[in-house]
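Have a look at the structure below before the remarks.
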2 protein chains.
Amino acid sequence: MSSSDLKKALKATATEVTRVLDDLLPMGEGPESRVTEAMRYTALAGGKRIRPFLVVACADLFSVDRKSSMRAAAAIEMVHCYSLIHDDLPAMDNDDLRRGKPTCHIKFDEATAILAGDALLTKSFEVLADEKTHGDARVRCDLVSALALASGEAGMVGGQMIDLFAEDHKLKMPEITRLQRMKTGALIAVACEAGAILGKASENAHHVLHAYAHDVGLAFQIADDLLDVEGDEKKVGKKTGKDADAGKATFVSLLGVVRAREQAELLADQAASHLDIFEEKGKLLRELAHYVVNRSA
Amino acid sequence: MSSSDLKKALKATATEVTRVLDDLLPMGEGPESRVTEAMRYTALAGGKRIRPFLVVACADLFSVDRKSSMRAAAAIEMVHCYSLIHDDLPAMDNDDLRRGKPTCHIKFDEATAILAGDALLTKSFEVLADEKTHGDARVRCDLVSALALASGEAGMVGGQMIDLFAEDHKLKMPEITRLQRMKTGALIAVACEAGAILGKASENAHHVLHAYAHDVGLAFQIADDLLDVEGDEKKVGKKTGKDADAGKATFVSLLGVVRAREQAELLADQAASHLDIFEEKGKLLRELAHYVVNRSA
């Protein structure tokens with residue numbers, strides 16, 4: 001399998017999940033439709049759709065019905081999009097640009113952006129609990145539990161809280177690893193976990209995918225830090241050099257560019273090797289581990 | 001049954017749900033514990049706990065295990081608390097005082113308040129999906145679905161969006177009724193619905209409780225508008241006269257104080273009469289309908 005197969009698969013998933021998100025977020029009427037417009041503005045804006053790809057590719061390992069995995073993928077992408085909206089707010093990271101477009105609170109206003117984030121988070125659980133997502137209610141409950149745990153104060157929200165704390169405190173390597181495991185790693189891990197839950201995977205397969213997700217998540221974040229230092233603002237679609245400007249410690253500031261890149265590649269190799277038990281079926285996910293390290297956006 | 005029985009029952013539920021919330025929101029360690037502290041600051045601050053009372057009292061109609069109904073009650077109260085935190089933000093209603101204490105963003109900061117709201121919302125779904133809440137996964141999924149629908153852009157969030165719109169647009173009576181049905185009514189309705197879901201109530205019982213909740217919700221809101229005009233700021237625990245200052249149309253500004261009070265009492269009577277099918281068992285809920293109209297805070 002060549003990396004062009006991966007790129008095709010990524011593109012196909014991105015197109016399909018955008019279509020599903022479009023369906024799940026129909027425009028309403030009345031003054032409240034402003035919040036739906038803001039939800040759609042962010043959720044349909046594109047992006048790499050790495051998390052949806054992980055859900056679908058992991059679910060494919062267990063031959064899960066694509067309609068199920070796409071709905072779970074859309075739900076997790078909604079949580080990702082809500083986190084972008086809230087993280088970009090003036091009180092948080094105060095970003096004006098995202099995916100090359102004005103951020104939600106710039107395009108609309110702060111109040112609408114806060115509400116759009118809230119509604120996307122809420123909608124994600126509505127989608128997962130719906131029997132259209134899976135016929136077995138225990139599976140749906142497991143998806144809700146896993147996503148809530150990954151997104152809440154012990155996961156993504158907690159990670160963002162530490163990230164704000166890091167503006168005034170020089171974190172050391174283990175603390176940064178923990179921060180990133182919570183802030184971005186938890187949602188990447190739950191994307192893989194969702195595939196395993198939908199596929200009623202064995203305990204061992206759950207462990208393997210968790211280990212894979214853990215390494216991919218960290219590799220992804222190191223690549224993000226590298227892009228912040230080396231990336232082309234136009235390609236990346238958001239302001240670069242932010243961490244250095246904010247005086248924040250990152251993997252790159254602590255390890256240097258060369259060792260950070262080595263570390264990311266090591267993690268990608270390690271991630272790929274976890275998937276040996278899936279043999280041929282794991283190829284696309286193995287490719288992805290290297291792709292997240294070498295992307296330019 | 002005298003109204004002192006209701007007051008005792010309200011107080012007992014409030015004490016118990018606060019204990020359950022305390023258990024569900026344990027303080028963590030590390031810098032992210034700031035967000036837990038902010039969640040606890042708002043969730044354990046007290047308040048009337050009307051929604052938890054509705055969950056438990058409705059569940060009692062069907063002899064639901066108290067441990068189940070208390071967890072659902074705590075989850076719905078978390079959503080109520082998150083909505084207070086986000087609605088109080090400077091970009092929204094910009095309130096400094098809530099339940100007689102500094103609001104979350106004043107006590108902590110805006111970023112922490114946004115994250116604490118996000119985490120409370122997330123936690124509510126985690127609690128509902130947990131098998132400790134109910135042994136039947138379909139029941140848990142129904143709770144998640146109902147709460148998500150009531151809280152999202154078609155419910156509470158949509159209502160808050162219309163409320164912000166109302167700052168620049170004089171709404172008329174049907175529009176205000178719709179706004180309030182979404183902004184406060186939907187969560188009150190889902191509190192009653194949760195009791196019915198937990199109790200696997202008949203379709204008819206679901207309808208009856210929905211009708212009850214609808215009338216109680218509207219009566220509650222009219223009473224709120226009356227308190228905003230007539231209430232004692234110290235007793236109410238938040239700034240009064242806000243709607244008039246903002247030039248917002250309310251039930252009271254459109255109907256006048258006398259007719260608004262009459263309307264609230266009419267709704268309370270109507271709410272109580274829906275519960276006839278429950279005979280003696282419905283007494284506490286009938287009392288509550290009148291209590292929400294005549295409260296002083």
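Please treat every number below as a calculation from the coordinates, not as lab data. Quantities reported herein were computed from a predicted structural model and do not represent experimental measurements. Ideal geometry is used to build each Cβ from the backbone, glycine not excepted, and the neighbour counts take in all protein chains shown.
Quick look at the numbers
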{"read-out": "Pseudo-label separations to other copies for B:N94 - Cα-to-Cβ vector, 7 Å, nm", "value": "1.8"}
{"read-out": "Relative counts (whole %) of C-alpha pair distances in the range B:3-294, using bins that are 5 Å wide", "value": "1, 6, 12, 17, 19, 18, 14, 9, 4, 1, 0"}
{"read-out": "Links that overshoot a 31 Å alpha carbon limit, given the list A:K170/B:K48; B:K11/B:K101; A:K107/A:K281; B:K101/B:K123", "value": "A:K170/B:K48; A:K107/A:K281"}
{"read-out": "Rg followed by Dmax, in Å, when the range B:1-111 is reduced to its Cα trace", "value": "15.4, 50"}
{"read-out": "Dimensions in Å of the range B:181-297 - Rg and Dmax from alpha carbons", "value": "15.2, 46"}
{"read-out": "Note, ³J(HN,Hα) from phi for the range A:216-228, Karplus 6.51, -1.76, 1.60, rounded to Hz, x at Gly and Pro", "value": "4, x, 5, 4, 4, 5, 4, 4, 5, 5, 5, 5, 5"}
{"read-out": "Relative contact order for chain B, counting Cα pairs under 8 Å that sit 6 or more residues apart, in percent", "value": "19"}
{"read-out": "Charge dipole (chain B, unit charges on Cβ, about Cα centre) - positive-most of B:V157, B:L121, B:N204", "value": "B:N204"}
{"read-out": "Magnitude of the charge dipole, chain A, Cβ model with Lys/Arg +1 and Asp/Glu -1, debye to 20", "value": "600"}
{"read-out": "Computed over the range A:136-286: relative contact order in percent, which uses C-alpha pairs under 8 Å that are six or more apart", "value": "24"}
{"read-out": "Label geometry 7 Å along the beta-carbon vector: B:K11 inter-copy distances in nm", "value": "7.0"}
{"read-out": "Long-range Cα-Cα pairs in the protein assembly as shown (distance over 32 Å), rounded percent", "value": "46"}
{"read-out": "Mean separation of Cα contacts under 8 Å, 6 or more apart, over the residue count of the range B:1-126: relative contact order %", "value": "27"}
{"read-out": "Sites excluded, GluC sites (Glu not before Pro) in DSSP loops with at most 16 other C-beta within 10 Å, longest stretch of chain A", "value": "A:168-297"}
{"read-out": "Cα-based Rg / Dmax (Å) for the range B:105-257", "value": "17.6, 50"}
{"read-out": "Karplus-derived HN-Hα couplings along the range A:281-290 (A = 6.51, B = -1.76, C = 1.60, θ = phi - 60°), whole Hz, x at Gly and Pro", "value": "4, x, 4, 4, 5, 5, 4, 4, 4, 6"}
{"read-out": "Likely footprinting exposure, B:T42, A:T177, B:T112, fewest C-beta neighbours within 10 Å first", "value": "A:T177, B:T112, B:T42"}
{"read-out": "Sparse-neighbourhood loop sites, trypsin sites (Lys or Arg not before Pro) in the range A:107-210 - DSSP loop, at most 15 other Cβ within 10 angstrom", "value": "A:K132, A:K170, A:K172, A:K200"}
{"read-out": "In Hz, Karplus ³J(HN,Hα) per residue of the range B:67-78 (6.51, -1.76, 1.60; θ = phi - 60°; x = Gly, Pro)", "value": "5, 5, 5, 5, 5, 5, 4, 5, 4, 5, 5, 4"}
{"read-out": "Ellipticity estimate at 222 nm from DSSP helix runs (n ≥ 4, -39,500 (n - 2.57)) divided over the protein assembly as shown, nearest 500", "value": "-22500 deg cm²/dmol"}
